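Asks: Sending over a structure as structure tokens; questions will come in a sec.
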Amino acid sequence: MKNTGTLKVTTPTDREIVLTRVFDAPRHLVFDAFTKPELLKRWFGPRGWSMPICEVDPRVGGGFRFVLRGHDGKAVGMRGVYREITPPERSVHMESFDDYPGESQVTAVFVEQEGKTTLTATVLYPSKEVRDIVLKSGMEHGAAESYDKLAELLASPEAQGSSQAA
Amino acid sequence: MELAEPFAMSQPAISKHLKVLERAGLISRGRDAQRRPRRLEAKPLAEATEWLESYRQFWEARFQQLDAVLHDLKTQNLRNQINIKKKNTRRSKR
């Protein structure tokens with residue numbers, strides 16, 4: 001199907017990454033796709049990955065639990081806690097990976113105009129170093145490799161020093 | 001001095017900007033008698049752009065999968081609406 005928009009990625013401050021993308025659907029559908037497990041399972045995993053665990057409790061203080069599995073059997077677990085959730089407009093959650101240190105805050109804002117929805121997701125990292133590691137981790141070489149690299153980099157003394165300072 | 005000329009900025013202000021760029025590793029400073037020629041260090045800038053681009057591609061691939069899911073949802077919604085209308089027309093005919 002046709003692309004409705006192209007993803008824009010910016011780094012407005014040292015600790016942030018902002019993703020902006022237009023979807024050709026009303027925002028209640030886009031919001032559902034981010035919070036309903038049966039829908040998340042269909043797109044959240046990188047191509048070829050499955051999501052054997054996908055649970056979401058969309059309430060303040062509730063959270064989510066995802067386990068993604070690659071074709072080589074490698075699993076990546078992540079979890080989050082909602083700090084704010086106002087369907088279908090906005091959510092704020094804290095997010096972390098099982099195997100790597102560091103927690104990031106993700107603010108998602110959904111704005112609908114003429115049946116299309118603009119998503120702006122702001123990811124705030126504990127430090128510039130952690131953010132740069134995420135950016136540097138070479139996401140294009142498949143998620144497994146990049147997650148491995150991320151783990152390695154986060155385990156390096158440089159990254160640990162900076163996340164402790166944050 | 002030469003670098004400051006095209007800008008509506010004082011020489012000290014330009015020096016300040018140059019210092020920031022130098023600290024970030026984006027320019028380097030040479031020495032030529034009284035002149036301090038700056039050289040543009042393109043590599044770190046290119047690297048930074050590369051990271052952003054690979055990160056962007058990673059998420060764009062996911063969002064294209066999401067586009068397909070949203071397309072299905074919209075079609076389903078439309079079908080449901082048509083079915084409801086059909087039911088209503090049947091009911092009103094009775």
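Asks: What about A:T11, is it of a type in the set (S, T, Y), under 21 Å from B:F58 (Cβ atoms) and touching an Asp or Glu at 6+ places or on another chain (Cβ under 8 Å)? Working first, answer last.
Replies: On the way: of a type in the set (S, T, Y): yes; under 21 Å from B:F58 (Cβ atoms): yes; touching an Asp or Glu at 6+ places or on another chain (Cβ under 8 Å): no.
No, not satisfied.
Here is a yes/no grid of residues against (1) crowded, with 18+ Cβ neighbours inside 10 Å; (2) modelled with pLDDT of 95 or more; (3) within 22 Å of B:L73 (Cα to Cα):
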position	(1), (2), (3)
A:L7	yes, no, yes
A:K41	no, no, yes
A:E55	no, yes, yes
A:G70	yes, no, no
A:T86	no, yes, yes
A:S91	yes, yes, yes
A:D99	no, no, no
A:Q105	no, yes, no
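Asks: Please work out if A:F110 is at pLDDT 95 or above, surrounded by 16 or more Cβ atoms within 10 Å (Cβ to Cβ), in contact with a helix residue (DSSP H, G or I) (Cβ under 8 Å, 6 or more places away or on another chain) and not β-branched (V, I, T). Let's see the steps before the verdict.
Replies: Details: at pLDDT 95 or above: yes; surrounded by 16 or more Cβ atoms within 10 Å (Cβ to Cβ): yes; in contact with a helix residue (DSSP H, G or I) (Cβ under 8 Å, 6 or more places away or on another chain): yes; not β-branched (V, I, T): yes.
Criteria met by A:F110.
Asks: Further, regarding this structure: Which of the residues belonging to segment B:1-60 are of a type in the set (A, V, I, L, M, F, W, C), assigned to a loop (DSSP other than H, G, I, E, B) and closer than 30 Å to A:R15 by Cβ? Write out each step before concluding.
Replies: Quick first cut of segment B:1-60, residues of a type in the set (A, V, I, L, M, F, W, C) only: B:1, B:3-4, B:7-9, B:13-14, B:18, B:20-21, B:24, B:26-27, B:33, B:40, B:42, B:45-46, B:48, B:51-52, B:58-59.
Next cut, assigned to a loop (DSSP other than H, G, I, E, B) only: B:1, B:3-4, B:7-9, B:24, B:26, B:33.
Result: B:F7, B:M9, B:A24, B:L26.
Asks: Could you say which residue among B:S10, B:S28 is surrounded by 12 or more Cβ atoms within 10 Å (Cβ to Cβ) and more than 14 Å from every other protein chain (Cβ to nearest Cβ)?
Replies: Numbers: B:S10 fails: surrounded by 12 or more Cβ atoms within 10 Å (Cβ to Cβ).
Result: B:S28 is the single residue among B:S10, B:S28 that is surrounded by 12 or more Cβ atoms within 10 Å (Cβ to Cβ) and more than 14 Å from every other protein chain (Cβ to nearest Cβ).
Asks: So, of the residues in segment A:72-84 that are surrounded by 15 or more Cβ atoms within 10 Å (Cβ to Cβ) and out of contact with any helix residue (DSSP H, G or I) (no Cβ under 8 Å at 6 or more places or on another chain), which turns out to be modelled with the lowest pLDDT?
Replies: Keep residues of segment A:72-84 that are surrounded by 15 or more Cβ atoms within 10 Å (Cβ to Cβ), which gives A:75-76, A:78-83.
From the residues that got through so far, the ones that are out of contact with any helix residue (DSSP H, G or I) (no Cβ under 8 Å at 6 or more places or on another chain) too are A:75, A:78-83.
Details: A:A75: 88, A:M78: 93, A:R79: 95, A:G80: 96, A:V81: 97, A:Y82: 98, A:R83: 98.
Only one residue tops the list, namely A:A75.
Asks: In addition: Taking the condition open to solvent by 50 Å² or more (accessible area, probe 1.4 Å), among the hydroxyl-bearing types (S, T, Y), on the phi < 0 side of the Ramachandran plot and within 14 Å of chain B (Cβ to nearest Cβ), does A:S50 pass? Show your work before the answer.
Replies: Details: open to solvent by 50 Å² or more (accessible area, probe 1.4 Å): yes; among the hydroxyl-bearing types (S, T, Y): yes; on the phi < 0 side of the Ramachandran plot: yes; within 14 Å of chain B (Cβ to nearest Cβ): yes.
In short, yes.
Asks: While we're looking at this one, here's another question. Only one of A:S146, A:S137 is open to solvent by less than 30 Å² (accessible area, probe 1.4 Å), modelled with pLDDT of 50 or more, more than 22 Å from A:V92 (Cα to Cα) and within 9 Å of another protein chain (Cβ to nearest Cβ); which? Before you say what the answer is, go through the steps one by one.
Replies: Numbers: A:S146 fails: modelled with pLDDT of 50 or more.
One residue alone meets the criteria, A:S137.
Asks: Let me ask something else about it. Could you pull out every one of the strands (runs of 3 or more DSSP E) wholly within segment A:1-116 that has 2 or more residues that are free of Cβ contacts under 8 Å to residues at least 40 places away in the same chain?
Replies: On the way: elements: A:8-10, A:16-23, A:50-56, A:63-69, A:75-86, A:90-97, A:103-113.
Answer list for segment A:1-116: A:8-10, A:50-56, A:63-69, A:75-86, A:90-97, A:103-113.
Asks: Identify, please: which residue in segment B:67-85 is loosely packed, with under 11 Cβ neighbours inside 10 Å and among the polar types (S, T, N, Q) and is, among those, farthest from the other protein chains (Cβ to nearest Cβ)? First the steps, then the outcome.
Replies: Within segment B:67-85, the first condition is being loosely packed, with under 11 Cβ neighbours inside 10 Å, and the residues that meet it are B:75, B:78-85.
When the remaining residues are screened for being among the polar types (S, T, N, Q), the result is B:75, B:80-81, B:83.
On the way: B:T75: 11, B:N80: 13, B:Q81: 13, B:N83: 18 Å.
Only one residue fits best here, namely B:N83.
Asks: Would it be correct to say that A:G62 is open to solvent by less than 60 Å² (accessible area, probe 1.4 Å), at pLDDT 95 or above and either polar (S, T, N, Q) or over 14 Å from the mean Cα position of the chain (by Cα) (or both)? Quick ask: steps written out before the conclusion?
Replies: Numbers: open to solvent by less than 60 Å² (accessible area, probe 1.4 Å): yes; at pLDDT 95 or above: yes; either polar (S, T, N, Q) or over 14 Å from the mean Cα position of the chain (by Cα) (or both): yes.
For A:G62, the condition - open to solvent by less than 60 Å² (accessible area, probe 1.4 Å), at pLDDT 95 or above and either polar (S, T, N, Q) or over 14 Å from the mean Cα position of the chain (by Cα) (or both) - is met.
Asks: Taking B:A48 as the residue in question, decide whether it is open to solvent by less than 60 Å² (accessible area, probe 1.4 Å) and either touching a Leu at 6+ places or on another chain (Cβ under 9 Å) or modelled with pLDDT of 80 or more (or both). I'd like the intermediate steps shown before the answer.
Replies: On the way: open to solvent by less than 60 Å² (accessible area, probe 1.4 Å): yes; either touching a Leu at 6+ places or on another chain (Cβ under 9 Å) or modelled with pLDDT of 80 or more (or both): yes.
Criteria met by B:A48.
The values are calculated or read from the model by the stated rules, or taken from the named source; none is laboratory data. Fair warning: this is a prediction, and the values are worked out from it, not measured in the lab. So basically every Cβ, Gly included, is an ideal-geometry build from the backbone, and we count neighbours across all protein chains shown. Surface accessibility is based on the protein's heavy atoms, side chains included, excluding ligands, DNA and RNA. Shrake-Rupley method; radii C 1.70, N 1.55, O 1.52, S 1.80 Å.
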